[in-house]
Amino acid sequence: MPRLGSRILFTAPVIVGHVLFPLSLLLHLWSASSQDRMTWLAALYVAGGYFAFLYLAGSWSWFGGMVRHILPTFLLVTVWATYLHGNPDTILEFTPTPDFLLSILMGTFFAALTVFSVRGRKGPLEGVELSFPLRGGTFCIAQGGASRVLNAHYVHPSQKYAIDVVRLSASGTRAHGLCPPTPDSYAIWEAEVVSPCDGRVLEAVDGLPDLFPPVRDPSHPAGNHLVLESDRTTVYLAHLRQGSICVRVGDRVRAGQMLGRVGNSGNSTEPHLHLHAEEGPYSGTFSGSAGLAIRFDGRFLVRNDMVRVRAGVTVAAPGEEASRSRSSELPVVGDSAVRKGLKGGR
């Protein structure tokens, strides 16, 4: 069981970035309103830039979609109140101060991050079409996109379009608490992982232990994982639960076929599913070839996009008869409203 100190260090940046720093910007905006209008506008520039960036690129699976929409409301209320309360000095009477110049620099920095967040929502035209690899709930993209500010994998050539997926609980958050120390406190724990494509199993690792969050195992980055070959594309699914993989090397699989369950093995701070695709044949290592953009029914999913998938889908392995008919998947909700089909990779 991880120590409380390590959990605090892990959650502190998230709390600061999503709660404490936004509140400090609102207080600064209120304080600036008692000085002059230009200082107030500079403070608004900082707050507006950061709130826009946070709305697009924040880790909202930690706090829920409601908090994501409430924070901008707080900003609008503060802007209205401080504008009425502010000092109506004219621009001609204004003398730039160090605080004003710092606000302009910070505001420009946050505005640039916002631009990168917007641009990162559009992936390259070429890529691979896969079906969504999870079923039974509402899932959120924790890491994903064509920008470093949206996707921590983007700096890695093989994984630059990788996605990390978590499941949301009934309250809209990924876990019961900010950083609970037990894997079963996370909504995605033991979620069913299904094949995202028709293909063949090239590698299956299933003997590594599941860890207590936020403990990681950097010596086994992928943890328990599967490597699939599909039409000149190699697909990787990582951080599966120990003992859950139900296919073997050499097996042929169909899109939607049960492969295993989500765990917390390898270099993972909490239960989630990692998925990425590489161009060409399997290199023999977890990341060895150029990464490919992934689309699900033509849509490029990025951080905070959500997908709702029905449970009870059963797809038989090649040569077997399905025990139940395949169900359809419900639309993506949130930032992308599209329908998910079950298609093989191509």
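Quick note: the coordinates plus some simple rules give every number you see, no bench work behind them. Here the structure is a predicted model, which is why all the values come from computation and not from measurement. When we count neighbours, we look across all protein chains shown, and the Cβ atoms used for this are built from the backbone with ideal geometry, even at glycine.
For the reader, a short list of remarks on this structure follows.
- The modelled label-to-label distance between residue 248 and residue 125, using points 7 Å beyond Cα along the C-beta direction, is 4.6 nm.
- Positive-end ranking of 78, 51, 95 along the dipole of region 4-119, with charges on Cβ about the Cα centre, is headed by 51.
- Taken over the alpha carbons of region 4-119 as equal point scatterers, the Debye sum produces base-10 log I(q)/I(0) values at 0.12 Å⁻¹ of -0.47.
- Using only alpha carbons, region 223-303 has a radius of gyration to Kirkwood radius ratio (Rg to Rh) of 0.94.
- Where only alpha carbons of region 119-182 are counted, the Rg and the Dmax (Å): 13.8, 40
- Of [x] 43, 20, 18; [y] 32, 23, 17; [z] 53, 25, 14, the label for semi-axes √(5λ) of the Cα gyration tensor in Å derived from the coordinates: [x]
- Given their separation in residues at 0.36 nm each and the Cα-Cα distance between them, residue 69 and residue 109 gain 12.1 nm when the chain is fully extended.
- Three semi-axes describe the equivalent ellipsoid of region 128-333; taken as square roots of 5 times the Cα gyration tensor eigenvalues and ordered largest first, they are 22, 20, 18 Å.
- Each residue of region 213-221 is assigned a 3J(HN,Hα), and the resulting list reads x, x, 5, 10, 10, x, 6, 10, x Hz, derived from the Karplus form 6.51 cos²θ - 1.76 cosθ + 1.60 (θ = phi - 60°), x at Gly and Pro.
- Gaussian network model of the chain, Cα within-10 Å springs - most flexible of 188, 245, 163: 245
- Mean ellipticity per residue at 222 nm, deg cm²/dmol - from DSSP H runs of n ≥ 4 across the chain, formula -39500 (n - 2.57): -8500 deg cm²/dmol
- FRET efficiency estimate (nearest 0.05) - Cβ-Cβ, residue 99 to residue 310, R0 56 angstrom: 0.55
- Peptides ranked, highest mean first, by Cβ atoms within 10 Å: ranges 57-68, 5-16: 57-68, 5-16
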